[in-house]
Each structure stands twice: as structure tokens, then as C-alpha cells.
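Engineer: I have a structure I would like to understand better, so I am pasting it below and will then ask my questions one at a time.
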Amino acid sequence: MKELKGTGVAMVTPFNVDGSINFTHLEKLTNHLIDGGVEYLVVMGTTGESVTLTKQEKDDVLDCVVRVTDGRIPVILGVGGNNTAEVCAQLNNLDTTGLTAILSVSPAYNKPTQEGIYQHYAAISDCSLLPIILYNVPGRTSSNITAETTLRLAHDFENIVAIKEASGSLDQCMKIIKDRPEGFLMISGDDNFSLPLIASGGDGVISVVANALPREYSDLIRASLAGDFETARTLQYRLFDIVNLLFVEGNPAGVKCALNALGVCEENVRLPLVQVSDKLRSELSELVRNV
């Protein structure tokens, strides 16, 4: 899965003021990212506010992104949840046209044991026609996929090809990198964690900040992967404050504020999320306009 090395983008879903999807801005965002040089797109992740979209809306968003992308770069679809049977049903009925892989988050709220997490992904592996990227984000799911469970899944199932790691533990990531099967990718799930992870043997990132600054951030990742850490550090610290501000009042409110400042899409979000405060909007807008 060499096409998943580098910078993937966890795409936002642009909304109108009334909360409906703004497909004109979704097209604009898609071209903004491709023109910015990112390696692939991720649709219907956390940043896309997927939990607030209906099935029809999710289908319409995916259709739009696949159509506009037109095969220029890979498209990854987020398909996850805390009901294993429902996730498998979605995969059994999934039209895979234009898709390269799926990203599937570990079950939230249920707090399964490690054996439960393993069996959840084993079931997904059995019914997925596409390669699977595991997604470990304990801050949202309230449970961690341990290095041992990740390695067990990676070795046992050929179609489990990567993990998006957002545990924040470099030690855990390095354990996976050390003992992973050949070709299994370690992908960062945190923008400011990507450089040290790549230096440890990681393969790239699924980014939030790259929605707004695709060229700047993908240049950072490419420099890191090439071993040019002097250039990578310079770019990292140029974006460091922006990345931190993006998450002060939650994701994707922060990055939508940045996108609005750059004229890509409006910053509307769906409840229970709200737009950022006026203070943060002023600080963030100034920073992104002056990168």
C-alpha cells in the first residue's frame, strides 16, 4: 500500500448556514487538497463530522469527492462504529468504486477488552473487499488498541494493512514498527506527532491541518520521509502554533475557521459542535493568512 505513504487528509464536510451540505465548497476543498500535493483523501472520518450525517448524506459526500477526484489520488472511506454487526452490514453493501481502502475506528463507548477489539476487526476483515486501516484514538473511544493487539491483527489478516495511531505514545508506536510484518504502515493521527513518528520509522499522517495548508504540510511530511530533518523541523515549527490552536476549542471547528479565513469553505458545524470563539478566530485567522 505504497499509495498510503505520505500525507492523507481527514476531510471536513462543508456546511451551509442552515446545516445542509455545501457541495460547491466540497468540490472546491477537494481540488484545493489535490492541487496542494497531498497523497490521498479520507472521507467520513471524525473531522468530517460523520456521526452527524445521515446515510444518504454520507453517500452523497463520497460520490462528490470520488467524482471530483476522478482517480487523480486515492480516496479512503471511514467505516466504523461500536456495533460490529452494523459495520459489517455497511461493508457488505458498500460500493467500492473509486475507493482504495477503508479507515475503521476502534469501537467507542463499549470499552471492549483487547480480545473484543481483535474479534471486532477480525469480523471486519472477513467482510471487507478493501484493505483496512485500523484507527486507534483512545481520547475519543475510551479504549486503547495495544501494540500487542495491533501486531496480532497485522500478522493474522493480510487485508489489515496499516494503523492510524493517535494514542500519543511513541513507545507504543515504536513497538509496532519494530515487530510489524513487511508492508504494514504506521500512520500518525496527530499533526504535531508526525515528524518524530516518521523519524522512528513511521510512514506518514492522516492530517487535519492539511485541510487548510496542504502544500505546506505535505512538504513537511515529504521532507521527513526523505530524511531531510533540517527542512522538516523548519516547516514543523512554522506550523506548530497553528496546529495547536486548531484543537483548542475542538475539531473540526478550528480547521473550519482556518479554511474560512483562506476562502475555501465556511466554518459552519453541526450541533453539538459550535464555531470557535471570536478570540480564537482572530488569532487563528491571522496565523494561517501569514504562513
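Engineer: What is the number of the single condition among (1) among the basic types (Lys, Arg); (2) loosely packed, with under 14 Cβ neighbours inside 10 Å; (3) over 30 Å from Ala223 (Cβ atoms) that Arg72 does not meet?
Structural biologist: If we test Arg72 against (1) among the basic types (Lys, Arg); (2) loosely packed, with under 14 Cβ neighbours inside 10 Å; (3) over 30 Å from Ala223 (Cβ atoms), just (3) comes out false.
Engineer: From the list Val255, Val243, Val248, which one is surrounded by 14 or more Cβ atoms within 10 Å (Cβ to Cβ), modelled with pLDDT of 95 or more and part of a loop (DSSP other than H, G, I, E, B)?
Structural biologist: Exactly one of Val255, Val243, Val248 is surrounded by 14 or more Cβ atoms within 10 Å (Cβ to Cβ), modelled with pLDDT of 95 or more and part of a loop (DSSP other than H, G, I, E, B), namely Val248.
Engineer: Being farther than 20 Å from Gly6 by Cα and among the β-branched types (Val, Ile, Thr) is the filter; apply it to segment 143-183 and report the residue that is surrounded by the fewest Cβ atoms within 10 Å (Cβ to Cβ).
Structural biologist: Out of the qualifying residues, it is Thr146.
Engineer: Which residue out of Val66, Val43 is surrounded by fewer than 21 Cβ atoms within 10 Å (Cβ to Cβ), more than 15 Å from Pro214 (Cβ to Cβ) and in contact with a Leu (Cβ under 8 Å, 6 or more places away or on another chain)?
Structural biologist: Sole residue among the options that is surrounded by fewer than 21 Cβ atoms within 10 Å (Cβ to Cβ), more than 15 Å from Pro214 (Cβ to Cβ) and in contact with a Leu (Cβ under 8 Å, 6 or more places away or on another chain): Val66.
Engineer: May I pose another question? Going by the conditions given, is Ser224 buried (at least 18 other Cβ atoms within 10 Å of the Cβ), polar (S, T, N, Q), farther than 20 Å from Gly78 by Cβ and over 15 Å from the mean Cα position of the chain (by Cα)?
Structural biologist: The answer is yes for Ser224.
Engineer: Within segment 75-84, is there a residue that is part of a helix (DSSP H, G or I), more than 19 Å from the chain's Cα centre (by Cα) and in contact (Cβ under 8 Å) with a residue 24 or more places away in the chain?
Structural biologist: Initially, segment 75-84 is screened for residues part of a helix (DSSP H, G or I), giving 84.
Among the residues that remain, those that are also more than 19 Å from the chain's Cα centre (by Cα) are: 84.
Cutting the leftovers down to in contact (Cβ under 8 Å) with a residue 24 or more places away in the chain gives us 84.
Yes, the conditions are met somewhere in segment 75-84.
The values are calculated or read from the model by the stated rules, or taken from the named source; none is laboratory data. It should be emphasised that the depicted structure is a prediction, and the values quoted were computed from it without experimental measurement. We place every Cβ from the backbone using ideal geometry, glycine too, and count neighbours over all the protein chains shown.
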